[in-house]
Amino acid sequence: PNKIAAGGVCFALARPEKVTITMGAVFCTCVCGKPSRDINVGYEVSKAEACCACSIPCWCEACCGDSFKDNQFDEIECRIGIQLYEQQLQRMYTFKLLLLGAGESGKSTILKQIKLINRWTPSEEELSRARIGLKTNILDCMQNIIDKAEEFEKIIDSKHKDTVDMLKRKKEDISDEDEIDDFFTPNIAKNLQQLLECKAIQETLKRRSEFWLLESFDFLMQNMERIAAPDYQPTEEDIVTARVRTTGIVKTTLEQKVTGDPSTVSYQVVDVGGQRSERKKWLNLFSDVSAVLFVSNLAGYNKRLFEDQNANRMTESLGLFEQICKEKAFEGIPIYLILNKKDLFEEAIARKDLPDYFEDYKGDNSSMLEALNFFKSKFSMLSHKAFIQDIITISAKAKLDVKGLFEQIKRQTFSEAKQERLRKDAAEIKSSLRRLRTQLERKGNKTTKDELKLQKPQNNA
């Protein structure tokens, strides 16, 4: 069955692993419309080599005559082909946006804002996750402050001993995050508020740049009693603020209506954990990417990492950005550098401490613009030959900033030039899809006639 009268080899229907050409050359045409490469006599080829490398199985229509198709038509192969084409059409209009960045850069906050902009209504499970996340954030911050107060040899008033002991036992007392709802009572919040006002804690907080602390710490302290209330339900601001560390891979698909055919396109936003332990999962996501959104925390220039309190957040982000730019999988892929938390960055720059962390900064210590250009330059120098589409400064907590960011990415990802290329590619695929459907329809009609012929004598009998 491998040899056709015309002298070619039908790889799709014969299904061999490898075939040695013995009669002429292969001159088949792939279902995508492209001719396969010529293969001379005596050359051993596989099915994949015979095709045009478009990843679609080859039906070799050019070398299979009508009589061969009638006799050897494979309905399963045809249906698989139709399914592959339909999937390919769908993939063509699905744009994968990969959110990357170090921990606490604000990737998940950007994703939550994008979902809210697209009229996302949080489920009960998501509201519960935000509520538990905020309570966990408060306890984690307070626990770390206590540890650092002792490290800095600050003496906490003995009247707070029970609260301090409670914070130290927290990890042992709470084995499941769901237990935090019962643990974090209004009375606990009141005690924590009193502890916060203690002189030793206040002195420790003056050195907050020397240890890990959430940037939303002030918001959490101001709203602690509200969050501890028995009837508490997270607001939209609470949901955006809640720091729930991303573990694994979170995929969110958003549909966008467009004019023409198709009527909708899809944007799949993929968020992965930024902590060092999560980055080994990134490699599995580097294929079929339309754009990379690398998020960096501007305000992290004077702060420490959660997973390594000896490491500077901005230094970590710069190193990670360079790794991404060197990644071969992203050659030619547009990379958006998103400098996040500009509001907190402006507050931090007012302290005039940038040269304390980056000695090569020679600009005005109080100029946010000069400091911003300094970091833009540092990132640009590390980009090597990567395709940096744009550098965008935002505050992820500001919905308008994120809306403007997402609109820009959508316009550039689905530009007029891109649409024209997709239309041409889609026309070829649709043509091949129609051809396969016609073959399937003809086979169906022929099968029906044959069945009627067989049934007639039985009916007469």
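Relative protection proxy for 96-103, 265-272, 188-195, from highest mean packing down: 96-103, 265-272, 188-195 (other beta-carbon atoms within 10 angstrom).
Computed from the C-beta positions of Ile117 and Val258 and an R0 of 25 Å, the FRET efficiency is 0.90 to the nearest 0.05.
How big is the gap, in Å, between the Cα center of the range 179-197 and the Cα center of the range 212-260? Rounded to whole Å, the Cα centres lie 20 Å apart. In this structure, the residue pairs whose Cα-Cα separation is over 31 Å, taken from Lys385/Lys418; Lys107/Lys159; Lys190/Lys251; Lys170/Lys376, are Lys107/Lys159; Lys190/Lys251; Lys170/Lys376.
Between Glu441 and Gln268, what FRET efficiency follows from the Cβ-Cβ distance if R0 is 41 Å, with the result rounded to 0.05? The formula returns an efficiency of 0.75 here.
Phi angles of the range 421-435 translate, via the Karplus equation with coefficients 6.51, -1.76, 1.60 and θ = phi - 60°, into HN-Hα couplings of 5, 5, 4, 5, 5, 5, 4, 5, 5, 5, 5, 5, 5, 5, 5 Hz per residue; Gly and Pro are given as x. Amide hydrogen proximity for Leu100: with H placed 1.01 Å from N in the peptide plane, the residues at 5 or more positions away or on another chain lying under 5 Å are Leu293, Phe294, Val295. Rounded to the nearest Å, what's the spacing between the alpha carbon centres of the range 346-370 and the range 84-117? Just the number, please. Their Cα centres are 34 Å away from one another. Each principal axis of the Cα cloud of the range 143-275 was evaluated for its coordinate range; sorted largest first, these ranges are 71, 35, 27 Å.
Taking every protein chain into account, the accessible area of the range 122-175 amounts to 54 square angstrom per residue (probe 1.4 Å).
The label point for Gln87 and the one for Lys161, both projected 7 Å from the Cα toward the Cβ, are 6.7 nm apart. Over the C-alpha trace of the range 311-451, radius of gyration and Dmax come out as 25.2, 88 angstrom. Where the accessible area of the range 265-407 is counted over protein heavy atoms with a 1.4 Å probe, how much of it, in %, is carbon and sulfur? Roughly 48 percent of what the probe reaches on the range 265-407 is carbon or sulfur.
The values are calculated or read from the model by the stated rules, or taken from the named source; none is laboratory data. Note that this is a predicted model, so its numbers are computed, not measured. Here the Cβ is made from the backbone with ideal geometry for all residues, glycine too, and neighbour counts use every protein chain on show. These area figures cover heavy atoms from the full protein model, side chains too; ligands, DNA and RNA do not enter into them. Shrake-Rupley method; radii C 1.70, N 1.55, O 1.52, S 1.80 Å.
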